[in-house]
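**Q** Pasting a structure below so you can have a look.
Nothing in this text is a laboratory measurement; each read-out follows from the coordinates by a stated rule. Model, not experiment: these values are computed from the prediction. For neighbour counting, all protein chains shown are included, and Cβ atoms are generated from backbone atoms with ideal geometry for every residue, glycine included.
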Amino acid sequence: MTDTPDYTPPKVWTWEKGNGGRFANINRPIAGPTQEKELPVGKHPLQLYSLATPNGQKVTIMLEELLAAGHSGAEYDAWLIRIGDGDQFGSGFVGVNPNSKIPALLDRSGPTPVRVFESGAILMHLAEKFGAFLPTEPAARAECLSWLFWQMGSAPYLGGGFGHFYAYAPVKIQYAIDRFAMETKRQLDVLDRRLAESEYVAGPDYTVADMAIWPWYGGLAKGWLYEAAEFLAVQDYKNVQRWADAIWARPAVQRGRMVNRVNGEPSSQLRERHAADDFETKTQDKIDAAS
């Protein structure tokens, strides 16, 4: 590995194990399972296999919002996938998501189970299934989907770009950090300008676009990602801050962010979720710990 300015790429790239920084143990240039491991299946129609990264939070927030809105068919089991341990390379998980990334959903509500992978696809699947959080009027729907896919295209620059080189890379490369910090701040400015003219990202109503964007850019605004809030001067984006606080005030968002969480305060973690009263048990544990 080199970060010198005179590095010349070889004619044919070869994989050097251990060059992936913090996640070197799970990075590899091939797909497919590395182990035979079936996935557990619970009692609810929807089976989610995930971890509370920003991408995972999108889906648990959506599910909790659906339940809060009275859609009882959105009851779900959330099984923990420890990506640091390579759970995503088990044969069962690869069967649901051949890309070996969380989150992955198995919808067992019909006669034949339906697999859905990629967080944006899962949000759309759920929104269309329950007729919620996705406008039906053509112009409003187009605006919502445009912002939903804006997140899909933008977040890799924040996560795999800025986040990796700023927080996880084995060496600090100024060019890489500067390049992705610039792009992240440009994206924050895009969002801030939009939120100056609209209460929510896609318009006056809360939608899947907010649920997709908030775990990444709301989390960044609130200082939860990469310990980079000061570095990126996130406090300067006043409209993003207003929106981030408004979304965080929603009880379903607070619940969704807890599900499949394995870091932070123990009271903020609900490692697996199989029933609505799992949150009540966690709340009581918090009360007992404080007394």
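**Q** Which helices, counted as full DSSP H runs in the chain, have an axial Cα extent of no less than 18 Å and a Kyte-Doolittle average of -0.5 or above?
**A** Taking the DSSP H segments of the chain (at least 18 Å long, mean hydropathy at least -0.5), we get 54-68, 138-156.
**Q** Sort 259-266, 204-211 for me by packing, meaning the mean count of neighbouring Cβ atoms within 10 Å per residue, highest on top.
**A** The densest-packed peptide leads the list: 204-211, 259-266.
**Q** Continuing with the same structure: Using the per-residue mean of other Cβ atoms lying within 10 Å as a proxy for protection, in what order, highest first, do the peptides 104-113, 25-34 fall?
**A** Result, highest mean Cβ count within 10 Å first: 104-113, 25-34.
**Q** Related question: One-quarter of the Cα convex hull surface for the chain, in nm²?
**A** If I average the Cα hull's projected area over directions, I get 17.6 nm².
**Q** Moving to a separate point now. In which sequence would GLU64, GLU143 go, from the one with the fewest C-beta neighbours within 10 Å to the one with the most?
**A** GLU143, GLU64
**Q** Summing +1 for each Lys or Arg and -1 for each Asp or Glu, what net charge is found among the other residues whose Cβ lies under 11 Å from the Cβ of ASN25?
**A** +2
**Q** Can I ask one more? Just the number, please: percent antiparallel of the DSSP beta bridges in the chain, rounded to the nearest 5.
**A** If we restrict to bridges inside the chain, about 60 percent are antiparallel.
**Q** Full-extension gain between ARG141 and GLU272, please, as 0.36 nm times their residue separation minus the C-alpha to C-alpha distance.
**A** 43.9 nm
**Q** Work through the residues other than SER100 whose Cβ is under 11 Å from its Cβ and net out their charges, Lys, Arg +1 and Asp, Glu -1.
**A** +1
**Q** Could the peptides 159-167, 177-185 be put in order, highest first, of the mean number of other beta-carbon atoms found within 10 Å of their residues?
**A** My ranking of the peptides, most packed first, is 159-167, 177-185.
**Q** Further question: With viscosity set to 0.692 mPa s and temperature to 37 °C, compute the Stokes-Einstein D of region 1-101, Rh being the Kirkwood radius across alpha carbon pairs; µm²/s, no decimals.
**A** Value of D from the Cα-based Kirkwood radius: 202 µm²/s.
**Q** Could you pull out every one of the lysines with an alpha carbon less than 26 Å from that of LYS58, ignoring same-chain neighbours closer than 8 positions?
**A** Once the sequence-local lysines are set aside, what remains near LYS58 is LYS37, LYS43, LYS101, LYS129, LYS185, LYS222, LYS238, LYS282, LYS286.
**Q** With +1 assigned to the C-beta of every Lys and Arg and -1 to the C-beta of every Asp and Glu, and no other charges, what is the dipole magnitude of the chain about the Cα centre in debye, to the nearest 20?
**A** My answer is approximately 500 debye.
**Q** Give me LYS37, LYS58 ranked fewest to most by other Cβ atoms within 10 Å of their Cβ, as a rough exposure proxy.
**A** LYS37, LYS58
**Q** Stokes-Einstein diffusion coefficient for region 184-291 at 10 °C in a medium of 1.306 mPa s, Rh from the Kirkwood formula over Cα pairs: what value in µm²/s?
**A** Reported coefficient: 105 µm²/s.
**Q** Right, next: Could you work out the local net charge near LEU51, counting Lys and Arg as +1, Asp and Glu as -1, over the other residues with Cβ closer than 14 Å to its Cβ?
**A** +4
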